[in-house]
Amino acid sequence: MKTIGLIVNPIAGMGGAVGLKGTDTALILNKAKKLGASPGSTEKAKIALKELLKSKAGVKLMTCPDSMGASVAKELGVDFELVDISVNVRTTAQNTMDAAREMLRKNIDLLLFAGGDGTARDICESVGTKLPALGIPTGVKIHSSTFSINPTMAGRLCASFIEDKKVDWRTGEVIDLDEQQYRLGNISSKLYGYLRIPYLRAHVQKLKSGSPESEKYGQEAIAQYMMEKMEDEIVYFIGPGSTTMALTDKLGLRGSLLGVDIITKSKVLKRDVTDRQLLDFMNEGRRVEVIVTPIGGQGFLFGRGNQQFAPKVLCRFEPGQIHILSTQKKIIDLQGQPLLIDSGDESVNKQLTGYYRIISGYHESLVYKAVG
Amino acid sequence: MKNKFVHPYIPNSVPEVKAKMLEEIGVSSIEELYSDIPERLRFRDRMKLPEALPSELALKQHMHAILSRNKNVHEYDSFLGGGVANHFVPAICDEINGRSEFLTAYAGEPYEDHGRFQALFEYQSLMGELLDFEVVNVPTYDWAQAASTSIRMAQRITQKDEILVSELIGPDRRSAIENYCKKAMKITPVRHDRTSGLIDLDDLRSKLNDNTAGIYFENPSYVGVIEHRGEEISQFVHKAGGLSIVGVDPISLGILKPPAQYGADIACGDIQTLGNHLHYGGCLGGFIATRDEEKFVMEYPSRLFGITKTEMEGEWGFDDVAYNRTSFGVREKGKEFVGTANALYAITSAVYLSLMGPDGMSEIGRHLIQKSLYAKKKLEALAGTELKFSSASFKEFVVDFSNTGKRVKDINAALLNRKIFGGIDLSQSFPWMGNCALFCFTEMNTQAQIDRLVSTLEEILA
Amino acid sequence: MESLNKKYKRLRNFHQAKWDEEIIFQLHNPGEKGLIVNRVETQIEHMTGDGISEIPESMLREQKPGLPEIGQMRVLKHFLRLSQQNLGADFNIDVGQGTCTIKYNPKINECFVRDPRESDVHPMQDESTCQGTLQMLYEMHEFFKEISGLDRFSFQPSSGSHAILNMASILRKYHEDHVDGHQRDELITTIFSHPSDAAAAKVLGFKIITLHQEENGLPSVEALKRVVSERTAGLFITNPEDTGIYNPDIDEFTAIVHEAGGLCGYDQANANGILGITRAKEAGFDMCFFNLHKTFSGPHGSGGPAAGVLGVTKKLQDYLAVPVVDKREDGTYFLNFDLAHSIGKTRQFYGPIPVIVRAYAWIRSLGVEGLEEVARIAVLNNNYLLSKITKIRGASSPYSAGKHRIEQVRYSWDRLYKETGVGTHDVALRMADFGFHMWSSHHPFIVPEPFTIEPTESYSKEELDEYIEGLQRISDEAYATPEIVKRAPHHSVVHRVDHSVSDDPEKWAITWRAYLRKHRDRLVEEDVQIEG
């Protein structure tokens, strides 16, 4: 029998309804409460858990005290084991992190967490990809690709997992916006890392083109093809993400997972640079091209998680100088929605709008639209 | 619309039905449904096809008139082989592959189509016993494709790009392998000894190198020779880091050692000889078999059906094995594909092997050896003929007519006049052999037929 | 259940045969015989002894193969029972396997391929003794010139995917023979074209560029323009695509690729609705192929045999795989191996003959009017289903809303899934309870929770209504009692399969001997139970 962990961030989602864009600080939380926000996170977690419990496969539940999970479980009348952590009345990020660490130690099979990007970030920071996890989207900001599309789906996916259905794994990016900047109308987001996320393998009845590839092999194949396309004398600004990281790995370089690096085929010139450093480098007059991967569940090419590519940087590139790497699955999951460019400058967005050849495998590319 | 002819295959041509359906759709004519096809792309001519034969009897008469222009291996005594051969097809093979349930099914789930999943799993399993391997694919198009894929599998498994190919493999297969592999791999021929017909081990050794993905040879070879040093050949290739791939006629395996038992890593071949008819060479099925090791299984492009359980205690279930077959390697130049191939013939071969059992396969193997040995002795004794190769053979062997002063082509023409299909003329496909023919003898050839072949040849060569 | 049955009066109270049939090896009984091999004549026995003394000892099999020993009737019964546990198109209303064109396979055609004058002809016979088969091949060649407008046809391809491999081989050879050709290694296709268009071409070393669909479900001319270059080898495309949507810009596509120096190959897997309506030639293609086992009525044989007849324009006629069939002035037919630029052989001998013979008879039975009627009725049936199915709660037909489709539609159960948790796979399994198939689609799923329906011309309106009622009922069930659907099938041969072993090298079993090695304990346990 499998053990599922449940962590509820009870205050997630409170800011959104009242236009506060997140509840990352106590001050904002109070403000949200004053503005009349009511906890929706708990309700949504309940929907997911209820869906999970519909499964006839038995499951062990492990959760946190009180509003961080136990109250939901009690309401549904399900047995559970508590993790041994102390929880503040007003729950904090620290509580989430403690709970996740404890669940990792107890070897649970999958962690279900209810929250938003901030919660995903806490989970990421505490257990990273060591513990399989899946988000129930209850927060205001859901840019990370670590969440199911709604609580019901999270519950169902979890049910499939305990039923030993064919579940595959992918890495989901954890992205968070700087809430303060966000409230001021500026976008400032960062890629914080990855979680290991299950997804339901579509049923295979008739294979036609060999077999589907796992994400890892997909990324390796993409890296191999990009490597063949790279030229010795060109310098590349390579964006964050595990897909681009697979390329630096393949090149034998030590790239940064979360930052932008300046590289050539044979060496890293600068790691984890700022937009300012990119600009300075461009003034050196070398031939430069960009390699990026769309980040997050919403298909942002620029503007989420890679804001080092500021408008001042991007305005100096033609679409032909931008190489996009992505697994086919990630593109298909966009359901036809174009890739998004939100550089912060309308004219740059326009300039980069058009069709791109996205490298999606070894000797394979997809032609797809990106719009600003 | 009223008096339009309704063909038996198209029920909804009935005007009243058409009208009802158009009404449901909300259009007034079928033509409207084609409105997305621009006029410039419309074909407004009339295809020039012969007049329709909608009457089943008329069609049958027409088809019989055409078919009567063929002569078959019952009307003539046939000594033709070369990849397919006239073997006995048990009645139950035809009964089963004619069943509507198997014949007209395609790709249903392992529930409503449980039967085909089980039959194909059994095919894999029965072939596994014959081949002494634990993994067998659902067959591909033919032996040529099976050999081509085996070679590309070896490339992916070893991450090496050169394949050594015996020069005595079937010429059609050689051509197909060339087309399938040449861009991704270097194809190097391996010589056979001109007298024994066996692989020239010195030549083989001299061609092995760090980039050798493996060797592909056939045993018995295309010209019937039994290669008895398979063990050594496999060892040489293994030492160089390559794989041993052997193409084999499965009907030989009740008596001859399966490739797995002399070091082969991959076996392949064609299942036509196991219960399938000739169909002018149009009824083939290529098998591939290996050990049950992850690194091999992962490189199959084929369907592989596995046995499992269901939710219900005591039920067998079937499933596709190794869903995430990730055939990506640094040096691999593209994964392969899988599509509709030859399941019906695989089911037929499963029936054949089930009927034959261990004794049947052993006896047929022995029978074929005896028959061809008898013919060999008789033909060898003819004035002017010689056996091309000195080594032991299975059901086929090469007769050299060089000293008879007559071309194989002419000899065969003369045989044809006496209702005999003589051996395959090798002068085009293997020019170095000279004036030779490849004869094949099966359980369908009686002693009387063989004796008549010999006496007729005697007359022709006289 | 009873009230439901009244509501759905077209649906059958179906249950599939369930024999609980053993695996063939479990029928083994030492000493039983399924067949006796005839002995060689006494004189031969005298002359050759046991025969095996001639065979080098290192090549003699030491132990007989571990095949089961089973009496003849038991073997027959076993496979007949398995056949009853299989649902062929002759039994069900097989419209649920879109893209595969499951249509009526006329029984009379079986008589022709089982006639010994067809089945027992050896490929190396003198051509004078095969004139009947050669005549059919030659006439077929002439028919396909009319059907496509192209100039020369090869029967080497053994399936649709294999025809694509042949097209890619021609493409490669053609460019190799031309000055600027060596750099042309990029092949363009579209996401709703058959997956083999990409996969088979890739085997030959092409780099694949896939055009994604726009909001209307079709690839755009703009996107194509963006990617053609001096590296473009060609375009392989299906039209109508697997969505059933016809690409009206197809001639612009071919023109753009030609302009860039590439060649265009038409995957006509979806030709059933356009026979005599629109052709490869007018759309500007250099190559095209048809699946004889689909459009031209070959039975699918539980997964083959198949055939993909491949045609080319004059420019490419010497590139085809050999042989092609020609006719001499004296009216005799012959196999022509003499093509200057041929890619060689891609299959042994001359093609999947039984599939070709059936298709030949089918075309002869229908004639021109018949073929055109096939297309028109296939399209009528399809749009009838479209109208009905999109009224079913939870089902939709993504892209180009309100437009007609050609011969099939890729539908979606996305809404059903989101609202009830019942997905396309669940629906497919539940359909089995009423004696139907329903297939989702090729991977990867572009349309979420897809199902692809292609009614062809073969099924009557009443049958289509019966099938629709099946979908309707399952949709109703999904909203009312989803567990019924999610635990389906209930009336099929077996229950939901345990997939847990299939990806585990320690546990998967591709043959019985592998099963015995890995799971013997399990088996022994059960035997004890059965006996006890």
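The values are calculated or read from the model by the stated rules, or taken from the named source; none is laboratory data. All of these numbers come straight from a predicted model, not from anything done at the bench. Cβ placement follows ideal geometry from the backbone for every residue including glycine, while neighbour counts extend to all protein chains displayed. Ligands, DNA and RNA are stripped out before the accessible areas are found, and what is left, the full protein with its side chains, is counted by its heavy atoms. Shrake-Rupley method; radii C 1.70, N 1.55, O 1.52, S 1.80 Å.
Quick one: would you say C:Ile343 is farther than 30 Å from B:Lys20 by Cβ and within 19 Å of the chain's Cα centre (by Cα)? Answer is no for this residue. Going by the conditions given, is A:Gln328 in contact (Cβ under 8 Å) with a residue 24 or more places away in the chain, within 30 Å of C:Ile191 (Cβ to Cβ) and surrounded by fewer than 17 Cβ atoms within 10 Å (Cβ to Cβ)? Taking the combined requirement at face value, the residue does not satisfy it. Only one of the numbered conditions (1) modelled with pLDDT of 95 or more; (2) surrounded by fewer than 24 Cβ atoms within 10 Å (Cβ to Cβ) is not met by B:Arg303, and that is (1). Return yes when A:Asp280 is more than 24 Å from C:Val221 (Cα to Cα), among the acidic types (Asp, Glu), in contact with a Leu (Cβ under 9 Å, 6 or more places away or on another chain) and outside the structural domain of A:Arg170 (by TED's automatic domain parsing) and no when it is not. Criteria not met by A:Asp280. The residues on offer are A:Leu247, A:Leu257, and the sole one that is open to solvent by less than 10 Å² (accessible area, probe 1.4 Å) and either part of a strand (DSSP E or B) or farther than 18 Å from A:Ala370 by Cβ (or both) is A:Leu247.
Out of all the residues in region B:89-97, is one or more assigned to a loop (DSSP other than H, G, I, E, B), more than 7 Å from chain C (Cβ to nearest Cβ) and surrounded by fewer than 23 Cβ atoms within 10 Å (Cβ to Cβ)? Looking through region B:89-97, at least one residue is assigned to a loop (DSSP other than H, G, I, E, B), more than 7 Å from chain C (Cβ to nearest Cβ) and surrounded by fewer than 23 Cβ atoms within 10 Å (Cβ to Cβ). Among the residues of region C:59-74, are any facing chain B (nearest Cβ under 7 Å) and in a helix (DSSP H, G or I)? Looking through region C:59-74, at least one residue is facing chain B (nearest Cβ under 7 Å) and in a helix (DSSP H, G or I). Among the residues of region C:390-414, those identified as under 19 Å from C:Ile274 (Cα atoms) and in contact with a helix residue (DSSP H, G or I) (Cβ under 9 Å, 6 or more places away or on another chain) are C:His404, C:Arg405, C:Ile406, C:Glu407, C:Gln408, C:Val409.
So, A:Ile149, is that one open to solvent by 20 Å² or more (accessible area, probe 1.4 Å) and more than 30 Å from C:His425 (Cα to Cα) or not? For A:Ile149, the condition - open to solvent by 20 Å² or more (accessible area, probe 1.4 Å) and more than 30 Å from C:His425 (Cα to Cα) - is not met.
In the set A:Ile197, A:Ile187, only one residue is outside any helix (DSSP H, G or I) and modelled with pLDDT of 90 or more; that residue is A:Ile197. Determine which member of the set B:Gly360, B:Gly334, B:Gly317, B:Gly339 is in contact with a Lys or Arg (Cβ under 7 Å, 6 or more places away or on another chain), within 7 Å of chain C (Cβ to nearest Cβ) and modelled with pLDDT of 95 or more. Of B:Gly360, B:Gly334, B:Gly317, B:Gly339, the one residue that is in contact with a Lys or Arg (Cβ under 7 Å, 6 or more places away or on another chain), within 7 Å of chain C (Cβ to nearest Cβ) and modelled with pLDDT of 95 or more is B:Gly317.
Among the candidates C:Arg226, C:Arg184, C:Arg231, the residue that is within 14 Å of chain B (Cβ to nearest Cβ) and either in contact (Cβ under 8 Å) with a residue 12 or more places away in the chain or over 23 Å from C:Ile343 (Cα atoms) (or both) is uniquely C:Arg184.
Restricting region B:31-53 to residues that are open to solvent by less than 50 Å² (accessible area, probe 1.4 Å) and closer than 30 Å to C:Cys111 by Cα leaves a set whose member that is nearest to the other protein chains (Cβ to nearest Cβ) is B:Ala52. Screening C:Glu372 against (1) under 30 Å from C:Phe143 (Cα atoms); (2) in contact (Cβ under 8 Å) with a residue 40 or more places away in the chain; (3) buried (at least 23 other Cβ atoms within 10 Å of the Cβ) leaves a single unmet condition, (3). In this structure, does B:Glu167 turn out to be surrounded by fewer than 23 Cβ atoms within 10 Å (Cβ to Cβ), under 21 Å from the mean Cα position of the chain (by Cα) and within 23 Å of B:Glu299 (Cβ to Cβ)? Criteria not met by B:Glu167. When B:Leu278, B:Leu243 are checked against the criterion of being more than 9 Å from every other protein chain (Cβ to nearest Cβ) and touching an Asp or Glu at 6+ places or on another chain (Cβ under 6 Å), a single residue qualifies: B:Leu243. Where strands (runs of 3 or more DSSP E) sit wholly within region C:241-326, those with at least 2 residues that are closer than 30 Å to B:Arg116 by Cβ and open to solvent by less than 10 Å² (accessible area, probe 1.4 Å) occupy C:287-291, C:308-312.
Within the span defined as region C:424-431, one or more residues are open to solvent by 20 Å² or more (accessible area, probe 1.4 Å) and either facing another protein chain (nearest Cβ under 8 Å) or outside any helix (DSSP H, G or I) (or both).
Residues in region C:377-423 that are free of Cβ contacts under 8 Å to residues at least 12 places away in the same chain, open to solvent by 10 Å² or more (accessible area, probe 1.4 Å) and in a helix (DSSP H, G or I): C:Ser387, C:Lys418. The number of residues in region A:333-348 that are over 16 Å from C:Leu211 (Cα atoms), modelled with pLDDT of 90 or more and surrounded by 17 or more Cβ atoms within 10 Å (Cβ to Cβ) comes to 3. Within region B:54-88, the residues that satisfy the criterion of being open to solvent by 60 Å² or more (accessible area, probe 1.4 Å) and assigned to a loop (DSSP other than H, G, I, E, B) are B:Arg69, B:Lys71, B:His74, B:Glu75, B:Phe88.
Within the bounds of region A:331-343, is there any residue that is in contact with a Ser or Thr (Cβ under 6 Å, 6 or more places away or on another chain), over 12 Å from A:Leu301 (Cα atoms) and within 10 Å of another protein chain (Cβ to nearest Cβ)? No, region A:331-343 contains no residue that is in contact with a Ser or Thr (Cβ under 6 Å, 6 or more places away or on another chain), over 12 Å from A:Leu301 (Cα atoms) and within 10 Å of another protein chain (Cβ to nearest Cβ). Take the residues in region C:115-138 that are more than 7 Å from chain B (Cβ to nearest Cβ) and not small (Gly, Ala, Ser), then tell me which one is surrounded by the fewest Cβ atoms within 10 Å (Cβ to Cβ). Across region C:115-138, the extreme among qualifying residues is C:Glu127. Every condition in (1) open to solvent by 10 Å² or more (accessible area, probe 1.4 Å); (2) over 22 Å from C:Leu150 (Cβ atoms); (3) facing chain B (nearest Cβ under 9 Å) holds for C:Arg364 except the one numbered (2).
The residue of region B:346-357 that is nearest to B:Glu95 (Cα to Cα), among those that are more than 7 Å from chain C (Cβ to nearest Cβ) and touching a Cys at 6+ places or on another chain (Cβ under 9 Å), is B:Thr348. Output yes when any residue across region C:139-153 is without any contact (Cβ under 8 Å) to a residue 12 or more places away in the chain and facing another protein chain (nearest Cβ under 7 Å), and no when none is. Yes, some residue in region C:139-153 is without any contact (Cβ under 8 Å) to a residue 12 or more places away in the chain and facing another protein chain (nearest Cβ under 7 Å). Say whether the condition of being more than 7 Å from chain C (Cβ to nearest Cβ) and not in a loop (DSSP other than H, G, I, E, B) is met by at least one residue in region B:102-116. Checked against the condition, which is being more than 7 Å from chain C (Cβ to nearest Cβ) and not in a loop (DSSP other than H, G, I, E, B), region B:102-116 yields no hits at all.
Condition first: away from chain C (no Cβ under 12 Å), within 29 Å of B:Arg191 (Cβ to Cβ), open to solvent by less than 10 Å² (accessible area, probe 1.4 Å) and touching a residue at least 12 places away in the same chain (Cβ under 8 Å). Can you find one or more residues in region B:120-139 that meet it?
Among the residues of region B:120-139, not one is away from chain C (no Cβ under 12 Å), within 29 Å of B:Arg191 (Cβ to Cβ), open to solvent by less than 10 Å² (accessible area, probe 1.4 Å) and touching a residue at least 12 places away in the same chain (Cβ under 8 Å), which makes the answer no.
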